[in-house]
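The values are calculated or read from the model by the stated rules, or taken from the named source; none is laboratory data. Model, not experiment: these values are computed from the prediction. Cβ: placed from backbone, ideal geometry, glycine included. Neighbour counts: every protein chain shown.
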Amino acid sequence: MSSSRWALCVLMAAFAASIPAPARAGGHLGDLTGPWVLFVDDYGIAEKAGVVRTYHAFEKDARNPVLSGDKPWEGGLAYVYGTVLPGEDGAGYRMWYHSWAEGEYRMLYATSEDGVHWEKPALGLVEYGGSSANNILFRRTHENHNPQVIHTPWDPDPARRYKMVYFEYGRTPPHFTVTGYYGAASPDGIHWTDVKDTPVLRDDPGDVGNFVWDAHAGRYLGYPKKFTEVRGYRRRCVGYSATTDFESWPPSKLILTPDEFDDQLVQRGGEPMHEGAHTDFYGLCGFAYESMYIGFLWMFPITDGGSDGPIFVELVSSHDGVHWTRQEEPRPPILPVGPDGAWDDGMVFTPNHPLVEGGAIRLYYGGFDVTHGVDGGRAGVGLATLRKDGFASLDAGAEEGVVTTKPLAGCSGPLRVNFRAEDGSVRVEVLDAGGAVVPGYGRGDCAPLVGDSIDTAVSWGERRTLPEVDGALRLRFVLQNASLYSFAAGASAPGLAGE
């Protein structure tokens with residue numbers, strides 16, 4: 001890690017320590033942070049040999065779509081461009097989504113007891129067709145959409161326990177004449193009041209943006225679409241903004257642009273399949289996850305050189321929410337479009353973050369049966385799942401594989417591992433900062449981990465906890481016919497020492 005990146009991480013940690021306890025401790029319904037260290041990239045790895053990194057796609061539920069646009073005000077085009085949260089009492093689910101019908105966007109609300117069967121309650125808030133018996137949340141104009149909901153229970157004002165960021169094109173005088181992201185607050189996630197009459201983020205924003213609370217650093221994060229020139233094309237790219245004041249966001253800055261490998265998505269034999277064909281980023285859902293940040297990058301290969309093409313999702317990872325690491329080539333989708341003829345064979349979009357329940361990640365996503373430039377079609381909401389921390393694994397076959405971490409500070413207590421070794425094993429040895437094996441903690445002392453588990457503690461003979469050493473320690477994982485997803489070395493995430 002560069003000295004500047006290390007300094008940034010230290011600054012973030014210091015800032016997080018200064019955050020009021022309720023905000024830092026979590027408790028908000030979208031909190032996915034924890035002590036686990038994932039192997040989605042090489043950030044904490046000093047050496048690896050005999051292993052390959054495998055990316056794992058979400059598995060789509062056979063019952064999809066779990067929510068369809070079946071109401072007149074949804075127009076067949078209802079999809080989650082927003083947020084799904086568990087109920088405040090821990091039971092059931094709540095969804096904020098939107099639809100496109102009759103020439104306007106509508107922001108909507110649904111609930112479910114099991115996450116599969118969804119109800120659209122009659123909220124009585126907005127009139128449609130002479131009745132307010134519908135699930136429309138509010139209507140500022142005919143163009144407000146993209147409801148990004150953040151649960152903030154620590155806010156001292158009970159009327160602001162939920163925050164929303166939504167997009168408005170600014171083409172509806174007299175009040176909505178400025179393009180940008182507007183802010184709203186609510187006591188219950190249903191009744192909303194705008195926090196001000198101008199956008200909270202208004203600089204060159206595209207109409208797609210994803211916004212979350214960052215529990216690592218106690219700030220709001222936003223990833224709005226930005227346009228910039230890249231290799232001869234004006235492209236959709238990813239911007240970044242962060243703030244501790246919800247009502248005032250600094251101008252976003254450009255952080256992600258398509259590279260040359262991305263343009264291979266629209267090539268055959270090294271040549272563009274159509275004049276002007278190139279690849280854009282349609283959006284990024286970036287969120288704090290365990291000890292790091294995970295991102296769902298919406299890939300948009302423009303196959304006709306104009307505005308048509310599929311949209312699917314790739315994985316990106318970060319350790320500060322700003323600098324993102326792309327997947328290793330060939331970058332397989334983590335959420336692909338469905339097969340030809342499927343309800344989601346044209347485009348898929350993700351909410352601002354997934355949910356984690358027990359041993360699984362639950363991802364509700366929007367799916368279309370047409371590509372971006374095709375009129376008509378239908379859209380709905382699907383459910384897809386993935387093993388907890390299962391975005392990527394380091395895998396070894398019959399030949400032994402070894403993964404050694406960089407020096408880690410703050411390790412203590414049991415060492416827990418998320419792994420699969422149904423026909424093999426994982427062993428761990430503990431090294432001091434200089435690379436010497438700590439006596440009693442060698443691979444020969446380690447009881448092999450076998451089977452398939454998202455959380456198993458490692459033991460070395462009678463030893464059930466990591467050794468107490470002066471300074472940092474390293475971990476060396478020894479794999480055979482096994483996959484390694486993540487580990488936790490104490491109640492809080494360890495930090496990289498001395499870099």
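Only one of the listed residues (ILE334, ILE311) is aliphatic (A, V, I, L, M) and closer than 30 Å to THR456 by Cβ. That residue is ILE334. What are the residues in region 111-123 that are under 14 Å from TRP73 (Cα atoms) and in contact with a strand residue (DSSP E or B) (Cβ under 6 Å, 6 or more places away or on another chain), if any? If the condition is that a residue be under 14 Å from TRP73 (Cα atoms) and in contact with a strand residue (DSSP E or B) (Cβ under 6 Å, 6 or more places away or on another chain), then LYS120 is the only one that fits.
Results for (1) at pLDDT 95 or above; (2) in a loop (DSSP other than H, G, I, E, B); (3) within 22 Å of the chain's Cα centre (by Cα), shown as yes or no for each residue.
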{"site": "ASN134", "(1), (2), (3)": "yes, yes, no"}
{"site": "PRO153", "(1), (2), (3)": "yes, yes, yes"}
{"site": "PRO156", "(1), (2), (3)": "yes, yes, no"}
{"site": "PHE167", "(1), (2), (3)": "yes, no, yes"}
{"site": "PRO174", "(1), (2), (3)": "no, yes, no"}
{"site": "THR198", "(1), (2), (3)": "no, yes, no"}
{"site": "ASP203", "(1), (2), (3)": "no, yes, no"}
{"site": "VAL212", "(1), (2), (3)": "yes, no, yes"}
{"site": "HIS216", "(1), (2), (3)": "yes, yes, yes"}
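If I ask for residues that are surrounded by 18 or more Cβ atoms within 10 Å (Cβ to Cβ) and farther than 13 Å from PHE391 by Cα, which ones from region 357-369 would you list? Within region 357-369, TYR364, TYR365, GLY366, GLY367, PHE368, ASP369 qualify.
Go through region 392-417 and count every residue that is assigned to a loop (DSSP other than H, G, I, E, B) and hydroxyl-bearing (Ser, Thr, Tyr). So that I can check it myself, show each step before the final result.
Looking only at region 392-417, we keep the residues that are assigned to a loop (DSSP other than H, G, I, E, B), and these are 397-400, 406-407, 410-415.
With the extra rule that they be hydroxyl-bearing (Ser, Thr, Tyr), the set shrinks to 412.
Qualifying residue count for the region: 1.
The set of residues in region 421-436 being touching a residue at least 12 places away in the same chain (Cβ under 8 Å) and either β-branched (Val, Ile, Thr) or more than 29 Å from ILE361 (Cα to Cα) (or both) consists of VAL426, VAL428, GLU429, VAL430, LEU431, ASP432, ALA433, GLY435. Among all residues of region 181-204, there is at least one that is assigned by TED's automatic domain parsing to the domain that holds VAL84, touching a Lys or Arg at 6+ places or on another chain (Cβ under 7 Å) and among the charged types (D, E, K, R). Taking residues in region 238-255 that are surrounded by 12 or more Cβ atoms within 10 Å (Cβ to Cβ), and partners anywhere that are acidic (Asp, Glu) and assigned to a strand (DSSP E or B), the pairs with Cβ atoms closer than 9 Å and at least 6 places apart or on different chains are ALA242/ASP214. Of the candidates GLY276, GLY283, the single residue that is part of a loop (DSSP other than H, G, I, E, B) and either outside the structural domain of TRP343 (by TED's automatic domain parsing) or not hydroxyl-bearing (Ser, Thr, Tyr) (or both) is GLY276.
May I ask you to list the residues in region 434-474 that are among the hydroxyl-bearing types (Ser, Thr, Tyr), over 30 Å from the mean Cα position of the chain (by Cα) and surrounded by fewer than 19 Cβ atoms within 10 Å (Cβ to Cβ)?
If we filter region 434-474 for residues that are among the hydroxyl-bearing types (Ser, Thr, Tyr), which is where we start, we get 441, 453, 456, 459, 465.
Add one more test, that the residue is over 30 Å from the mean Cα position of the chain (by Cα), and what stays is 441, 459, 465.
Answer for region 434-474, where residues must be among the hydroxyl-bearing types (Ser, Thr, Tyr), over 30 Å from the mean Cα position of the chain (by Cα) and surrounded by fewer than 19 Cβ atoms within 10 Å (Cβ to Cβ): SER459, THR465.
Hey, can you tell me all the residues within region 78-122 that are closer than 19 Å to LEU29 by Cα, among the small types (Gly, Ala, Ser) and part of a loop (DSSP other than H, G, I, E, B)? Matches in region 78-122: GLY87, GLY90, ALA91, GLY92, GLY115.
When region 100-138 is filtered for residues that are free of Cβ contacts under 8 Å to residues at least 60 places away in the same chain, buried (at least 16 other Cβ atoms within 10 Å of the Cβ) and not hydrophobic (A, V, I, L, M, F, W, C), the ones remaining, listed by number, are TYR105, ARG106, SER112, LYS120, TYR128. Within region 214-226, one or more residues are small (Gly, Ala, Ser), within 24 Å of ARG139 (Cβ to Cβ) and assigned by TED's automatic domain parsing to the domain that holds ASN352. Note on region 456-486: residues that are without any contact (Cβ under 8 Å) to a residue 40 or more places away in the chain and not in a loop (DSSP other than H, G, I, E, B) total 2. Note on region 308-389: enclosed strands (runs of 3 or more DSSP E) holding 2 or more residues that are within 20 Å of ASN418 (Cβ to Cβ) and in contact with a Leu (Cβ under 9 Å, 6 or more places away or on another chain) are 312-318, 355-357, 360-368, 379-387. Under the condition of being modelled with pLDDT of 95 or more, surrounded by fewer than 17 Cβ atoms within 10 Å (Cβ to Cβ) and not acidic (Asp, Glu), which residue from region 22-49 is nearest to the chain's Cα centre (by Cα)? Going through the qualifying residues, I end up with ILE45.
Give the residues of region 350-375 that are within 22 Å of GLU102 (Cα to Cα) and either in contact with a Gly (Cβ under 9 Å, 6 or more places away or on another chain) or at pLDDT 95 or above (or both), sorted by residue number. Spell out how you get there, then give the answer.
Going residue by residue through region 350-375, those that are within 22 Å of GLU102 (Cα to Cα) are 366-375.
Scanning region 350-375 gives GLY366, GLY367, PHE368, ASP369, VAL370, THR371, HIS372, GLY373, VAL374.
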